[in-house]
Amino acid sequence: MKVIIALVVLVAVGATLWLSNQGQIENPVPQTQELPVISRQQILTATDLIDGVKNALQEHDEQAISQWLDRALAVAKEADMPQKDIDYIASDMAKDFVVFQAQRSMFNDALEQAYYDLLYIEDIKADFPQAQDLFDSADKLIAERDNLINKIATELAGGDTPTDAEVRTARQQWLMRYAHQ
């Protein structure tokens, strides 16, 4: 019986010590660092920045490009971004990235205009090698447009093979329809 009482007392003392130490174990609370409300990727791909740099590229205005990048840097600082992100936005790599994105946007604009104006795009592709990964889909888009023109010409021909005059008429109809573009 004495052994059982001693064992119960020992377990009780051990449990008391164990429970009292549980309150003393420090649970490290992770430091909560506020994340910026905007990321550097969002800043560098913002539509207004890309459009501003695109306009500056079209006007060959290096100073305007720098001003747009300074605005991006000011946004990063205002958003209290980490210094490494601020340094990146101020870097030549960020400038190259933004210029690259602006040139791709210029390619898309030129492609859209060529689509509506019934132009071929080989010169556009030569002017924008940075959009090379878009060339296949651009070629498909132009081929689909030309196919639509041929369908219009075939309808004008009453289902027969269209003549050159009917193809010209189909092209004129296309141009008139998309003149506002």
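Looking only at the stretch 153-177, which residues are open to solvent by less than 50 Å² (accessible area, probe 1.4 Å) and within 15 Å of TYR116 (Cβ to Cβ)? The answer is ALA170, TRP174. LYS77 satisfies every condition listed in (1) over 30 Å from ILE142 (Cβ atoms); (2) charged (D, E, K, R); (3) in contact (Cβ under 8 Å) with a residue 24 or more places away in the chain except (3). Taken together, ALA110, ALA94, ALA165 contain a single residue that is more than 27 Å from ASP48 (Cβ to Cβ) and hydrophobic (A, V, I, L, M, F, W, C), which is ALA165. Scanning the stretch 80-100 for residues that are without any contact (Cβ under 8 Å) to a residue 40 or more places away in the chain and closer than 26 Å to PRO129 by Cβ yields SER91, ASP92, MET93, LYS95, ASP96, PHE100.
Starting from residues that are among the hydrophobic types (A, V, I, L, M, F, W, C) and open to solvent by less than 50 Å² (accessible area, probe 1.4 Å), keep the ones in the stretch 135-151 and report whichever is farthest from LYS125 (Cα to Cα). It comes out as ILE149.
The values are calculated or read from the model by the stated rules, or taken from the named source; none is laboratory data. Please read all numbers here as calculations on a predicted model, not as lab measurements. Virtual Cβ from ideal backbone geometry, glycine too; neighbours counted across all protein chains shown. Calculation scope for accessible area: heavy atoms of the full protein, side chains included, ligands and nucleic acids excluded. Shrake-Rupley method; radii C 1.70, N 1.55, O 1.52, S 1.80 Å.
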